[in-house]
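The values are calculated or read from the model by the stated rules, or taken from the named source; none is laboratory data. Because the structure is predicted, anything quoted here is derived from the model rather than measured. FYI the Cβ positions are ideal-geometry reconstructions off the backbone, even for glycines, and counts take in every protein chain you see.
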Amino acid sequence: MTGTLLLLDLAGWVALLLWGIHMIRTGVQRAYGADLQRVLATSLGHPLKALLAGLGVTMLLQSSTATGLMATSFAAGGLVELVPALAVMLGANVGTALIVKALSFDVAKAAPILVLVGAVAFRRASGPKGRALGRIAIGLGLVLLALIQLVATLEPYSATPGLHALLGAVASDPVIATLLAAILAWAAHSSVAVVLLVAAFAQQGIVSAETALALVLGANLGSSLNPLLASREVAGRRVALGNLVVRLGGCAVALPLLPWLTHGLAAVAGGGRALVADFHVLFNLTLAAFGLPLLLPLAQLVRRLLPDPAASPTEPPLHLDEGLAETPSIALGLAARHALRMADRLEVMLADAVRLLSADAGQQERIRLAEHDIDARGTEVQRFLARLDPEALSEAEQRRLAALLSFTVQIGHAADVLSRNVVAQIGRRRKQGVRSVQRQDGDLSAMIERLSANLRTAASLLVTEDEVLARRLADEKHGFRSLEEKRIASHVAHLRDEPGLDASAQAVDLDLVRDIKRINDHLVASAAYPILRTRGELLDSRLRAAEDYASSG
């Protein structure tokens, strides 16, 4: 029973350690997430600058995994070349080692003070940034508290024969120790937590110095697996694979040298936590120093291992794994890319509708299939966004999520109207033989092409959130209403001038114009309205003024 209680205690304190790291990371992302991504993106022009940016961002986020996911997402989006992205990973590895070194000092007394200051700041802060800073302070305090309790929990058991026998099986083979720590770091999504746990073991003498260093190597190896498994596109996987290759090479060189490395470091740093932290820093600094000049051949190697895929008509599916859930800004960016692909498909549908006005009915099947594709992708994006934790999102990210949901829903409605109504009206129009087809076809084609221009504006607004452009798109609603009114007036004039005209046949064009206007309404609602509502320029109801007037009378 004693062993079971020990494992439960350790699991509880490790969980607290992971939660503290999570709070620090989410707090930094809420306070400075966009700024960190901007710094990282603008520092990718030179490998050395990219390495330093990766180091700094990792020390703030307390996670090389989060930085690695940013780098892989930039590479997957074509925003950065492979070599500087690999340099970011080298810097992230050094940054996470420096975090462990900072936490290895005796700063335990600061834990309750940090929790107290953070709780007061979180409750009293007036703005989201102040609450995020309070969250960071609480998380740091919890990390230190978990480390204190880990050491206190292990101390009474340090001489227990059963625990020594259990760890002795691991210590008998450095390769097994390395693999075990790699699995733990991969499962925890944090090499920091695993290395700190190893440092606590080493401080209490539960594991030998050589075994502790082997476990550190494994923690470095395991944390490099998360970005590789999280990235779904070849460009992003290349970055993660390059980082894994570097760490594999480092582990392969360091494992046979562990006896000499242990002896040399023990003479300089002593033992316990200092030995573990110093080896962690030395290992990653060495990888950075040797890896930086070799990034070009490394990039060539991973390109051979992961060649560009053959062109495929199908798009890669949208996945939300734990790595993306931990970095909501990246998840929102990925969802935005898929939302823009929906807009691209709708633009192709509009072009097919123009052809359908003057060509045979062969475009109907293309439009129908495209509508099914848009509907399926929209559902996929909406489910993806629904799985994001609202508590992990800043206010800006919550607005971004709402805007993406609105965009995908409205684009789906627009595609549905086009596929079901517009195509059907064009078919009825052909069967009934509407008169003056050439002139009317030209008018209708011009309206659909105007829809395409508005669709491109809506897609641009999803990226830029430009207020002036949003107002311009919103004004298009009035423009299409005017076109509808002119067409109605023209229809009535024809009936007056030619009493014998088939009114039902001519009314098909009115239905068609009405449906085109409905599509435009969805486009306006997809992108312009969320921006104008955020700026306070969109009334909740246009009837409010009339209601106030009626009540005053």
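Structure summary
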read-out: Helices (runs of 4 or more DSSP H) completely within the stretch 181-297 that count 2 or more residues being basic (Lys, Arg) and touching a helix residue (DSSP H, G or I) at 6+ places or on another chain (Cβ under 8 Å); value: 234-254
read-out: Condition check for residue 537: outside any helix (DSSP H, G or I), of a type in the set (D, E, K, R) and at pLDDT below 85; value: yes
read-out: Criterion violated by residue 19 - all others in (1) modelled with pLDDT under 75; (2) within 25 Å of the chain's Cα centre (by Cα); (3) assigned to a helix (DSSP H, G or I) satisfied; value: (1)
read-out: Count - residues of the stretch 315-371 that are charged (D, E, K, R), at pLDDT 65 or above and within 21 Å of residue 462 (Cα to Cα); value: 6
read-out: Filtered residue count, the stretch 193-218, keeping only those that are out of contact with any Leu (no Cβ under 6 Å at 6 or more places or on another chain) and charged (D, E, K, R); value: 0
read-out: Single residue of 152, 111, 132, 125 found to be at pLDDT below 85, small (Gly, Ala, Ser), surrounded by 15 or more Cβ atoms within 10 Å (Cβ to Cβ) and under 23 Å from residue 202 (Cβ atoms); value: 111
read-out: Close pairs from the stretch 114-134: first assigned to a helix (DSSP H, G or I), partner aromatic (Phe, Trp, Tyr), Cβ under 7 Å, at least 6 apart; value: 131/122; 134/122
read-out: Test: residue 165 is modelled with pLDDT under 85, over 25 Å from residue 221 (Cα atoms) and not in a helix (DSSP H, G or I); value: no
read-out: Single match in 385, 418, 451 (criterion: over 26 Å from residue 355 (Cα atoms) and at pLDDT 80 or above); value: 385
read-out: Selection within the stretch 376-418 - touching a Lys or Arg at 6+ places or on another chain (Cβ under 6 Å) and part of a helix (DSSP H, G or I); value: 417
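This table checks each residue for (1) modelled with pLDDT under 75; (2) assigned to a helix (DSSP H, G or I); (3) touching a strand residue (DSSP E or B) at 6+ places or on another chain (Cβ under 6 Å).
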{"site": "38", "(1), (2), (3)": "yes, yes, no"}
{"site": "80", "(1), (2), (3)": "yes, no, no"}
{"site": "83", "(1), (2), (3)": "no, yes, no"}
{"site": "87", "(1), (2), (3)": "no, yes, no"}
{"site": "90", "(1), (2), (3)": "no, yes, no"}
{"site": "93", "(1), (2), (3)": "no, yes, no"}
{"site": "96", "(1), (2), (3)": "no, yes, no"}
{"site": "100", "(1), (2), (3)": "no, yes, no"}
